[in-house]
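Engineer: Right, I'll just put the structure down here and ask away after.
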Amino acid sequence: MTFSMKRMYAIFLKDLKDLSKNMFITSSMLMPLLIAVLYSRMDELSIDMIYLVINLSFSTIGVFVQSAIIAEEKEKNTLRGLMLSPATILEIFGGKSLVTFLLTLLTIILSARLIDYEPSSISLIAIALIISSVFYIGLGTLMGLLTKSVVEASVITLPIIFLFGFSTLLQTLINTYPILSFIEYLPNVQLAELAKEVQLGAGIEDIWGYLAIILVWGIGIWLLTTWFYKKKETAG
Amino acid sequence: MEHIIQVKSLAKIYGNQAALEDVNFTVEKGKTFGFLGPSGAGKTTTIKILTGQLLQTSGEATVFGKPASSLNKPQYRREFGVITDNSGLYSRLSIEDNLNLYCQLYQVSTKRIGEVLEMVSLSEERKKQVAKLSKGMFQRVILARALLHKPALLFLDEPTSALDPANSALIHQGLRELNKEGTTIFLTTHDMNEAENICDRVAFLHQGRIQLLDQPKKLRRQFAEASVCIELKDGREINVPAGPEGAKDIYDYFASDQVVSIHSNEPTLGDIFVELTGRKLV
């Protein structure tokens, strides 16, 4: 069976309608915006601080909201209904990720406006943000599949929000604790480093390494998610 | 007669625990097949294997002539429907929104929503939010959803286990109508009345093995005592041999105008199950 845009769009529309009535989810979107408002009162923001807000948007919307959406489907036995329908894995996760993707980008754009962030190259930063969102939404999907309820998903994603939201701050500890040097390769740190380069006038040829690392994270997480979903399909 | 489902020597083992052992049966096209057994007998495991949600440990299971495991592929999922007692709906959305999603997934016209809601007597509730439905209405929406794409084969796993008799009767009516239209039904239940009402053939499953398989009527006859029970006007109930040797007694009771009622001593399916396994169907 071929990919059906109509089926993916139907899942997207259903999620959009459902989310608009879900206060628990919609209120969680306010957290990165509140932090952006707080930061907007500071005189001058470094790229690290700007990307703390942006990475927090990725963690709270891309990971937390997506995991809650998937976990709720499991909790209410609606995911099994989708799995038993003619919808393919691409249509199911494509539809379910589209809402989160749009919400994530919307939150990032609003946050960037609030903190007056103006990248030197909007197109390069847009590419980096889109690739990053692929990783975060994939991570949220995996977290949702691994948990059984929205409450469980909320608890499990907390350390992830911390790791991917604040690890740019933890970079200062790498000199004291070399074991933490893996932090440099996390997608959020790569994104912040990329943004610094872009702000200094770098082009695509200077930043492809950062993009490649973020892309590898994205592909890796979706391969893991697909494997886990397939396993669940025949695990009863 | 064409067999929609064929199962040969099917076994499923979880760790050291056998959930199914040497299970054999066939389901004919257009018939309703009942899979009866208490909780934990292996009924749900069988449905999961037949719908491609679970792989068997050994044996063969074919559905529509294909290995059951292939039903896991999206292109085959249009051919069947599954209803379980814990099937879910999107509670914040209306009945119509829920069914509309599945119309898009199965690529059927949204006009079908009106038809299936009429079949389950929920036309008036179309705009109602799912969270506000009673358990009976909820289960009828699940049935309506499974009927949207007119499946050739419908699997029902304890569809009325939590319903009152009125709602169960509505579901049974819907299933009978569907069966008349040619849909093959595979039903698991521990409700003997449900099985007697709608099944053409039943299999008794106990501890992962089929103990008995036949038409309900034939099973009742097979296990019937060769006697009839006569209820007399003085309150007594007399068992009289059903053969020629009891004919004179029966005639005498009728001739003396003592008879209130007379009926054969046929057991229910539940009685037969208890006799076979020594345990009740709960």
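The values are calculated or read from the model by the stated rules, or taken from the named source; none is laboratory data. Please read all numbers here as calculations on a predicted model, not as lab measurements. Because the Cβ atoms are built from the backbone with ideal geometry, glycine has one as well, and the counts that use them run over all protein chains shown. For the accessible areas, the whole protein counts, side chains as well, though only heavy atoms, and no ligand, DNA or RNA atoms are used. Shrake-Rupley method; radii C 1.70, N 1.55, O 1.52, S 1.80 Å.
Engineer: Tell me yes or no: at least one residue of the range B:268-282 is open to solvent by 40 Å² or more (accessible area, probe 1.4 Å), touching a Ser or Thr at 6+ places or on another chain (Cβ under 8 Å) and farther than 13 Å from B:Phe35 by Cα. Reasoning before the result, please.
Structural biologist: Start the filter on the range B:268-282 by keeping residues that are open to solvent by 40 Å² or more (accessible area, probe 1.4 Å), which leaves B:268, B:271, B:274-276, B:278-280, B:282.
Those still in the list that are touching a Ser or Thr at 6+ places or on another chain (Cβ under 8 Å) too: B:282.
From what is left, the residues that are farther than 13 Å from B:Phe35 by Cα are B:282.
Among the residues of the range B:268-282, at least one is open to solvent by 40 Å² or more (accessible area, probe 1.4 Å), touching a Ser or Thr at 6+ places or on another chain (Cβ under 8 Å) and farther than 13 Å from B:Phe35 by Cα, which makes the answer yes.
Engineer: Can you tell me which residues in the range B:107-124 are assigned to a loop (DSSP other than H, G, I, E, B), away from chain A (no Cβ under 13 Å) and of a type in the set (A, V, I, L, M, F, W, C)?
Structural biologist: Selection gives B:Val120, B:Leu122.
Engineer: Scan the range B:56-77 for residues that are open to solvent by 40 Å² or more (accessible area, probe 1.4 Å) and either within 30 Å of A:Lys21 (Cβ to Cβ) or at pLDDT 90 or above (or both) and report the count.
Structural biologist: First pass over the range B:56-77, keeping only residues open to solvent by 40 Å² or more (accessible area, probe 1.4 Å): B:56-58, B:60, B:64-67, B:69, B:73, B:75-76.
Still in the running and either within 30 Å of A:Lys21 (Cβ to Cβ) or at pLDDT 90 or above (or both): B:56-58, B:60, B:64-67.
Qualifying residue count, the range B:56-77: 8.
Engineer: Hey, another quick one. Answer yes or no: is there a residue in the range A:48-57 that is within 14 Å of chain B (Cβ to nearest Cβ) and open to solvent by less than 30 Å² (accessible area, probe 1.4 Å). So that I can check it myself, show each step before the final result.
Structural biologist: Let us first name the residues in the range A:48-57 that are within 14 Å of chain B (Cβ to nearest Cβ), namely none.
No, every residue in the range A:48-57 fails to be within 14 Å of chain B (Cβ to nearest Cβ) and open to solvent by less than 30 Å² (accessible area, probe 1.4 Å).
Engineer: Something else: Within the group A:Leu34, A:Leu16, which residue is open to solvent by 80 Å² or more (accessible area, probe 1.4 Å), part of a helix (DSSP H, G or I) and either under 27 Å from B:Asn100 (Cβ atoms) or within 9 Å of chain B (Cβ to nearest Cβ) (or both)?
Structural biologist: Details: A:Leu34 fails: either under 27 Å from B:Asn100 (Cβ atoms) or within 9 Å of chain B (Cβ to nearest Cβ) (or both).
After applying the criteria, what remains is A:Leu16.
Engineer: Given the criterion away from chain B (no Cβ under 11 Å) and open to solvent by 80 Å² or more (accessible area, probe 1.4 Å), identify the matching residue among A:Met42, A:Met23.
Structural biologist: On the way: A:Met23 fails: away from chain B (no Cβ under 11 Å).
That would be A:Met42, the only listed residue that is away from chain B (no Cβ under 11 Å) and open to solvent by 80 Å² or more (accessible area, probe 1.4 Å).
Engineer: Looking at this structure, is B:Lys217 over 30 Å from B:Leu10 (Cβ atoms), basic (Lys, Arg) and either under 19 Å from the mean Cα position of the chain (by Cα) or not in a strand (DSSP E or B) (or both)?
Structural biologist: Spelling it out, it is not the case that B:Lys217 is over 30 Å from B:Leu10 (Cβ atoms), basic (Lys, Arg) and either under 19 Å from the mean Cα position of the chain (by Cα) or not in a strand (DSSP E or B) (or both).
Engineer: Taking into account only those residues within the range B:86-106 that are within 21 Å of the chain's Cα centre (by Cα) and buried (at least 18 other Cβ atoms within 10 Å of the Cβ), which is farthest from the other protein chains (Cβ to nearest Cβ)?
Structural biologist: Of all residues in the range B:86-106, those within 21 Å of the chain's Cα centre (by Cα) come to B:86-88.
Adding the requirement that they be buried (at least 18 other Cβ atoms within 10 Å of the Cβ) leaves B:87-88.
On the way: B:Ser87: 6, B:Gly88: 3 Å.
Step by step, filter the range B:86-106, then rank; the result is B:Ser87.
Engineer: Here is a further query. When the range A:127-154 is examined, which residues are found to be closer than 22 Å to A:Thr78 by Cβ, open to solvent by 30 Å² or more (accessible area, probe 1.4 Å) and in a helix (DSSP H, G or I)?
Structural biologist: Within the range A:127-154, the first condition is being closer than 22 Å to A:Thr78 by Cβ, and the residues that meet it are A:137-154.
The next check asks that each one be open to solvent by 30 Å² or more (accessible area, probe 1.4 Å); those that pass are A:146, A:148, A:151-152.
Correct list: A:Leu146, A:Val151, A:Glu152.
Engineer: Sticking with this one: Looking at the range B:56-80, I want the residues that are touching a residue at least 60 places away in the same chain (Cβ under 8 Å) and within 11 Å of another protein chain (Cβ to nearest Cβ) and have a partner that is aliphatic (A, V, I, L, M) and open to solvent by 10 Å² or more (accessible area, probe 1.4 Å) with Cβ atoms under 8 Å, at least 6 apart or on another chain. Which pairs are those?
Structural biologist: Listed by first residue and then by second, the contacts come to B:Glu79/B:Ala152; B:Phe80/B:Ala152.
Engineer: Something else about it: List the strands (runs of 3 or more DSSP E) that sit entirely inside the range B:147-207 and contain at least 1 residues that are under 21 Å from B:Glu79 (Cβ atoms). Steps first, answer last, please.
Structural biologist: Details: elements: B:153-157, B:184-189, B:201-206.
So the answer is B:153-157, B:184-189.
Engineer: Let me ask you something else. Would you check if B:Val27 is away from chain A (no Cβ under 13 Å) and either of a type in the set (Ser, Thr, Tyr) or touching a helix residue (DSSP H, G or I) at 6+ places or on another chain (Cβ under 7 Å) (or both)?
Structural biologist: When the stated conditions are applied, B:Val27 does not pass them.
Engineer: A further question on this structure: Before we move on, is B:Lys48 basic (Lys, Arg) and more than 11 Å from every other protein chain (Cβ to nearest Cβ)?
Structural biologist: Numbers: basic (Lys, Arg): yes; more than 11 Å from every other protein chain (Cβ to nearest Cβ): no.
Against the criterion (basic (Lys, Arg) and more than 11 Å from every other protein chain (Cβ to nearest Cβ)), B:Lys48 does not qualify.
Engineer: I'd like the residue in the range A:3-13 that is open to solvent by less than 20 Å² (accessible area, probe 1.4 Å) and more than 20 Å from the chain's Cα centre (by Cα) and, out of all such residues, is nearest to the other protein chains (Cβ to nearest Cβ).
Structural biologist: Ranking the qualifying residues of the range A:3-13, first place goes to A:Ala10.
Engineer: Would it be correct to say that A:Glu118 is without any contact (Cβ under 8 Å) to a residue 60 or more places away in the chain, not in a helix (DSSP H, G or I) and not aliphatic (A, V, I, L, M)?
Structural biologist: Numbers: without any contact (Cβ under 8 Å) to a residue 60 or more places away in the chain: yes; not in a helix (DSSP H, G or I): yes; not aliphatic (A, V, I, L, M): yes.
Criteria met by A:Glu118.
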